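K.L.:
Mind having a look at this structure? Questions to follow.
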Amino acid sequence: MDIGSLAEWAGALSGLAALFVAVQANRQSRKSEKYARETESLSVELNRQIREEQRQTELAMHKREQERDHRDMERDRRLIAGGLQAWWAYRDQQDTCQQWGLVVSNEGSQVSIFYNVQIDVEVQGITTRPLCIKVLPPGRYFAINRFEQGWELPEECGSSQTHALLSSTRHQVVRISFQDSLGKRWVWNPQEGLNPG
């Protein structure tokens, strides 16, 4: 055998081995590159999903906070509105007979000014003129009912100056409607209680 040809064969085999190693390295490099791209793509997608979940969680928390704040505000408004009450009463006068009318109370732990107050009443089953008050500041008031002539202007009164009609079926407050200081209408009646109107 010729040594030159053996060296050529060895060189050729070395070249083939180097080519094989280069092809394998290239193939492995492409696999690694593909894996890196897939991993990066997956990482980007996972980060996007995490950010979206965080955004959704923040939105849900914000919505719950808004709903809670709205419920708290409505509860406070209802509490304030519930401070407006009215009932039939009379008061004794030294020189005249008893004066009949309505006690209108705007008292409580939280009070406010109410507007456009209308109190509908019945006397012996007959609806009479409503008592209408444009502005009702905090306090307790007594409005004398002159029946056919209507109502006198309410005057401030203490609780000891009037006597409530506790068991009268002939004198009833059937409806109270008013507007709170934020402009919300409220309606009270004995059947349904206090509701937004």
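K.L.:
Do you know which of the residues in the stretch 175-185 that are modelled with pLDDT of 95 or more and hydrophobic (A, V, I, L, M, F, W, C) is nearest to the chain's Cα centre (by Cα)?
P.N.:
Within the stretch 175-185, the match that is nearest to the chain's Cα centre (by Cα) is Phe178.
K.L.:
Quick check: anything in the stretch 134-143 at pLDDT 90 or above, surrounded by 13 or more Cβ atoms within 10 Å (Cβ to Cβ), basic (Lys, Arg) and closer than 30 Å to Glu74 by Cβ?
P.N.:
For the stretch 134-143, residues at pLDDT 90 or above, surrounded by 13 or more Cβ atoms within 10 Å (Cβ to Cβ), basic (Lys, Arg) and closer than 30 Å to Glu74 by Cβ: present.
K.L.:
Filter the stretch 149-169 down to residues that are under 16 Å from Pro130 (Cα atoms) and surrounded by fewer than 16 Cβ atoms within 10 Å (Cβ to Cβ) and give me whichever is nearest to the chain's Cα centre (by Cα).
P.N.:
Applying the filter and picking the extreme gives Leu153.
K.L.:
Same structure again: So, in the stretch 88-139, of the ones that are closer than 17 Å to Asp180 by Cα and among the hydroxyl-bearing types (Ser, Thr, Tyr), which residue ends up farthest from the chain's Cα centre (by Cα)?
P.N.:
Top of the filtered list is Ser105.
The values are calculated or read from the model by the stated rules, or taken from the named source; none is laboratory data. Everything numeric in this text was worked out from a predicted model, so none of it was measured. Using ideal geometry, Cβ is built from the backbone for each residue, glycine included, and neighbour counts are taken over all protein chains shown.
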